[in-house]
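Enquirer: Please find one structure pasted underneath; my questions will follow.
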Amino acid sequence: MNGLVQIIKDVPVVSTLDMWKGLNVEHNAVMKLIKKYEIDFQDIRTFGFQIQKTGGRPTSFCYLDEEQATFLITLMKNSEVVVKFKRLLTKEFFKMRNFLGSLASQRQNAEWLETRNTGKEKRRIETDTIQRFVAYAVSQGSQNAERYYTNISKMQNKSLFFIEQKFKNIRDILNLQQLSIVICADEIVSKALEDGMSRQLNYKEIYQLAKTRIESFAEIHGKTLIPALLLEQSNKSLKMIS
């Protein structure tokens with residue numbers, strides 16, 4: 001149940017798609033309870049039902065905040081499985097609340113803000129280079145060159161980090177050290193793309209050149225966890241206990 005609680009728009013939430021697994025009940029049973037008491041759930045916090053498409057029959061689900069998730073569990077029989085899951089869920093929500101507090105403090109740190117702003121400038125330079133690379137790829141016959149904006153970002157993140165869950169913008173939750181590494185990675189990618197285009201390589205070879213250089217860079221620095229603040233919190237807690 002790793003990554004059970006997620007953060008969406010700065011609110012810790014849990015998906016019903018994850019809850020039913022931990023509660024050892026059918027997902028339909030969970031959704032029936034929510035729809036039966038929908039007025040009560042909506043009174044706690046307004047939410048909407050969403051659809052997951054996995055190739056088969058679409059599945060309706062929703063995200064619940066801590067109070068809604070707790071209310072849902074109180075509607076179930078207090079079995080050993082339910083108690084165990086409630087304890088796990090409480091722990092995960094507590095961890096995410098602490099994470100949001102640490103994140104708010106980090107965003108007020110002058111050094112972090114300066115580094116983040118520097119990173120935004122380097123990212124703009126990289127994006128401009130990618131734009132030229134996309135045009136270059138199109139000129140060589142690429143039919144899906146626009147995907148390189150996303151593919152290059154995914155390649156960088158996958159090479160540099162262990163990502164526990166999805167975030168709207170990963171760079172907004174990186175710690176100071178990780179921001180510095182990303183700045184270097186952006187420069188490495190920009191240089192690789194420029195080198196490849198100046199040598200008139202095939203666009204696929206240029207992408208591989210950028211990927212190889214990033215992977216070599218990652219080997220030197222090692223991959224780190226995102227969000228690192230969660231690991232830092234755990235280390236602080238262990239020090240306090242010891």
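Enquirer: Work out the FRET efficiency for L17 and E219 from their Cβ-Cβ distance, taking R0 = 22 Å, and round it to the nearest 0.05.
Expert: The calculated FRET efficiency here is 0.05.
Enquirer: When V5, V25, V134, V83 are ordered from fewest to most other Cβ atoms inside 10 Å of their Cβ, what list results?
Expert: Lowest to highest Cβ neighbour count: V83, V25, V134, V5.
Enquirer: Also, I was wondering about something else. Please compute the alpha carbon radius of gyration of region 5-105, then divide it by the globular-protein estimate 2.2 N^0.38 Å. Two decimals is fine.
Expert: Computed over Cα atoms of region 5-105, the ratio equals 1.09.
Enquirer: If each DSSP helix of 4+ residues adds -39,500 (n - 2.57) and the sum is divided by the residues in the chain, what number results at 222 nm, nearest 500 deg cm²/dmol?
Expert: Theoretical 222 nm ellipticity from helices: -22000 deg cm²/dmol.
Enquirer: Net charge near E66, counting Lys/Arg +1 and Asp/Glu -1 over other residues with Cβ under 13 Å of its Cβ?
Expert: On the way: positive: R45, K86, K91, K95, R97; negative: D65, E67, E92.
Surrounding charge for E66 is +2.
Enquirer: Hey, another quick one. Cut-off is 10 Å between beta-carbons; in what order do M19, M76 appear when sorted fewest neighbours first? Let's see the in-between values first.
Expert: Details: M19 22, M76 16.
So the residues, fewest neighbours to most, are M76, M19.
Enquirer: Only counting other Cβ atoms within 10 Å, I'd like I173, I125, I44, I7 sorted with the fewest neighbours first.
Expert: The most exposed by this proxy come first: I125, I44, I7, I173.
Enquirer: How big is the gap, in Å, between the Cα center of region 155-210 and the Cα center of region 43-106?
Expert: That distance is 33 Å.
Enquirer: For region 96-178, just the Cα atoms, rotate onto the principal axes and tell me the three extents in Å, largest first.
Expert: 49, 26, 18
Enquirer: Select one label from [x] 128; [y] 165; [z] 153: the one whose number is volume of the Cα convex hull per residue in Å³ as derived from the coordinates shown.
Expert: Correct label, based on the coordinates given: [y].
Enquirer: Apply the Karplus parameterisation 6.51 cos²θ - 1.76 cosθ + 1.60, with θ equal to phi minus 60°, to every residue of region 79-84 and state each ³J(HN,Hα) to the nearest whole Hz, in sequence, with x for glycine and proline.
Expert: Result, ordered by residue: 7, 4, 5, 5, 5, 4 Hz.
Enquirer: Where Rh denotes the Kirkwood radius from the mean inverse Cα pair distance, what is Rg over Rh for region 109-241?
Expert: Reported Rg/Rh, Kirkwood definition of Rh: 1.04.
Throughout, read-outs are computed from the coordinates displayed, never taken from laboratory work. Keep in mind it's a predicted model, so treat the numbers as computed, not measured. Cβ coordinates were reconstructed from backbone atoms using ideal geometry, including for glycine residues, and neighbour counts include every protein chain displayed.
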